[in-house]
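Asks: Sharing a structure, written as structure tokens. Questions coming.
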Amino acid sequence: MSKAIDAAKFRETLGHYPTGVAVVTVLSENGQPDGMVVGTFSSVSLDPPLIGFFPARSSGSFARLRTARYFCVNVLASDQEPLCRRIATVWQGKFDGVAWRAGPLGSPILEGVVSWIECTFEDIREAGDHYIVLGRVHELGVERSTLPLLFFQGGYGRFSPGSFVATPDPELIQAARLAETIRRQLEVLSAELAVNCSVLAKIRGDAVQVLAANGAAAPEAIPLGHRQPIIPPLGAVFMVNSSPAEVDAWLERAPDDDAERRVRCRALLDKVRERGYSVLAAEPELLRRHEAALSAFEQSDRLPRHERAVRQVTSEFTDLFCPDLKTGERYDLASIVVRLPTPPDLPPMALRMTGLARSLSTEQIEACVERLKQVADAAAQ
Ligand SMILES: Cc1cc2nc3c(=O)[nH]c(=O)nc-3n(C[C@H](O)[C@H](O)[C@H](O)COP(=O)(O)O)c2cc1C
């Protein structure tokens, strides 16, 4: 005989597991949507394609839903909490004024949802005070690729990707203050060489631009305060004095599947340590893809899917990072980055030069590096 479990303890314990929030809809006989909110939605099988959810046997809504031929699971977005609260009631008019369109099989797809899955009932079986409902998937699609609504411990929320999230940081203000001390030198250098120069600070896993001087014909596209995730090989200059654990954490931000590339990034870091600067060779098509991936990442609230895309495209820079510069050869460079020495209480910082002229000789590149290093050293005075 199973031990009696206290209901409050059961709810409290199981409430520590988060769920998404979905609305199961059907088209009722009067041509209007009907439905219920479920947190118990899950994918079940790919072959055959099955999904499941668990309605309470006491649910009046489900008693109506189960008579329909088709139903649609609508995954709610993080900004649809008011809609969720409204539909999770017994009120008859809960769908009044709710915008929707008919899916391919006719069941309602609610406006603004993340995704929808149209199904037929495959199986409905009793499980204690609930039903286990299996739905066979016939049609499905992503409607709005954005953050889903989450339900956790009785509250609503949304996903925040841990790895790339940078919270406001006092270090940022200190870094901006230090950058101010070399503003004049940076502006002179930028105007003289007709390049863009910026000061970057490493705030957690991001490179944040804290000062910019745009002397190049094409101004720097990245705005002040912009945060760019530091993914290998980029950001090596920040890692020059980092502990082995920090270096490992940096290397782990490369795509998961490429151990060999990680080894190469570690070797590239050694090269940067030796030289005291990094250069990135320009490959316009890759730079465009990188910029597009970064802006999709920013605009999507840093969704994990876009995070993976940024990692992937950034790792493709490995072949272009810190090439051996040969006398007599010419190079197109996307950027030169030197370390900016900082006191121990400040985050690692760097100076970056972009918007460089094409086809630079090794001597010209070395001259740019020297000028950047002089400005960086001025900050240490
Ligand atoms: C976030 C959330 C998740 C829910 N998940 C479920 C669920 O998985 N199964 C269920 O039967 N009811 C669930 N409910 C409750 C129903 O949505 C709804 O309150 C209930 O169906 C309304 O009563 P009635 O349909 O029985 O008339 C959930 C409610 C909320 C707010």
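The values are calculated or read from the model by the stated rules, or taken from the named source; none is laboratory data. Keep in mind that this is a model prediction, so the values were computed, not measured. Note that we place each Cβ from the backbone using ideal geometry, even for glycine, and neighbour counts take in every protein chain shown.
Asks: Do you know which of the residues in the stretch 300-320 that are more than 23 Å from Ala282 (Cα to Cα) and among the basic types (Lys, Arg) is modelled with the highest pLDDT?
Replies: Arg305
Asks: What about Ile124, is it within 15 Å of the ligand (Cβ to nearest atom) and under 35 Å from the mean Cα position of the chain (by Cα)?
Replies: On the way: within 15 Å of the ligand (Cβ to nearest atom): yes; under 35 Å from the mean Cα position of the chain (by Cα): no.
For Ile124, the condition - within 15 Å of the ligand (Cβ to nearest atom) and under 35 Å from the mean Cα position of the chain (by Cα) - is not met.
Asks: Might you check whether a residue that is outside any loop (DSSP other than H, G, I, E, B) and at pLDDT below 95 occurs anywhere in the stretch 321-333?
Replies: No, every residue in the stretch 321-333 fails to be outside any loop (DSSP other than H, G, I, E, B) and at pLDDT below 95.
Asks: Follow-up question, since we're still on this one. Of everything in the stretch 273-283, what is touching a strand residue (DSSP E or B) at 6+ places or on another chain (Cβ under 9 Å) and over 15 Å from Met353 (Cβ atoms)? Give them in sequence order.
Replies: Result: Glu283, single match.
Asks: For the stretch 66-107, how many residues are within 16 Å of the ligand (Cβ to nearest atom) and either under 18 Å from Gly157 (Cβ atoms) or outside any loop (DSSP other than H, G, I, E, B) (or both)?
Replies: Looking only at that region, the number is 18.
Asks: If you check Ser42 against the conditions, is it within 13 Å of the ligand (Cβ to nearest atom), without any contact (Cβ under 8 Å) to a residue 40 or more places away in the chain and touching a Leu at 6+ places or on another chain (Cβ under 9 Å)?
Replies: no
Asks: Any idea which of Pro343, Pro347 is surrounded by 13 or more Cβ atoms within 10 Å (Cβ to Cβ) and part of a loop (DSSP other than H, G, I, E, B)?
Replies: Testing whether each residue is surrounded by 13 or more Cβ atoms within 10 Å (Cβ to Cβ) and part of a loop (DSSP other than H, G, I, E, B) leaves just Pro347.
Asks: Next up: Tell me the residue from Arg352, Arg311 that is surrounded by 18 or more Cβ atoms within 10 Å (Cβ to Cβ), assigned to a strand (DSSP E or B) and touching a residue at least 60 places away in the same chain (Cβ under 8 Å), please. Break it down into steps so the answer makes sense when it comes.
Replies: Details: Arg311 fails: assigned to a strand (DSSP E or B).
Only one candidate passes the filter, namely Arg352.
Asks: I would also like to ask the following. Under 8 Å between Cβ atoms, at least 6 apart or on separate chains: pull out the pairs that start in the stretch 18-32 with a residue that is outside the structural domain of Ala68 (by TED's automatic domain parsing) and end on any residue that is within 16 Å of the ligand (Cβ to nearest atom) and among the hydrophobic types (A, V, I, L, M, F, W, C).
Replies: Close Cβ pairs satisfying both conditions: none exist.
Asks: Just wondering, is there one or more residues in the stretch 114-121 that are more than 24 Å from Thr146 (Cα to Cα) and either assigned by TED's automatic domain parsing to the domain that holds Pro148 or out of contact with any Cys (no Cβ under 9 Å at 6 or more places or on another chain) (or both)?
Replies: The initial filter retains those residues of the stretch 114-121 that are more than 24 Å from Thr146 (Cα to Cα), namely 120-121.
Next, only the ones that are either assigned by TED's automatic domain parsing to the domain that holds Pro148 or out of contact with any Cys (no Cβ under 9 Å at 6 or more places or on another chain) (or both) stay: 120-121.
Taking every residue of the stretch 114-121 in turn, at least one turns out to be more than 24 Å from Thr146 (Cα to Cα) and either assigned by TED's automatic domain parsing to the domain that holds Pro148 or out of contact with any Cys (no Cβ under 9 Å at 6 or more places or on another chain) (or both).
Asks: Restricting to the stretch 64-83, name every residue that is crowded, with 18+ Cβ neighbours inside 10 Å and either of a type in the set (Gly, Ala, Ser) or closer than 15 Å to Trp100 by Cβ (or both).
Replies: Ala68, Tyr70, Phe71, Cys72, Val73, Asn74, Val75, Leu76, Ala77, Gln80, Leu83
Asks: Have a look at Asp332, Asp319, Asp301 and point out the one that is without any contact (Cβ under 8 Å) to a residue 12 or more places away in the chain and among the acidic types (Asp, Glu).
Replies: Just one listed residue meets the conditions, Asp319.
Asks: Consider Lys94 against the criteria (1) farther than 25 Å from Ala56 by Cβ; (2) touching a helix residue (DSSP H, G or I) at 6+ places or on another chain (Cβ under 8 Å): it satisfies all of them except one. Which criterion is unmet?
Replies: So the condition that Lys94 fails would be (1).
Asks: Looking only at the stretch 47-63, count how many residues are within 8 Å of the ligand (Cβ to nearest atom) and surrounded by 12 or more Cβ atoms within 10 Å (Cβ to Cβ).
Replies: Number of matching residues: 7.
Asks: Which of the residues spanning the stretch 3-29 are assigned to a strand (DSSP E or B) and either within 11 Å of the ligand (Cβ to nearest atom) or over 27 Å from Arg86 (Cβ atoms) (or both)?
Replies: Correct list: Thr19, Gly20, Ala22, Val23, Val24.
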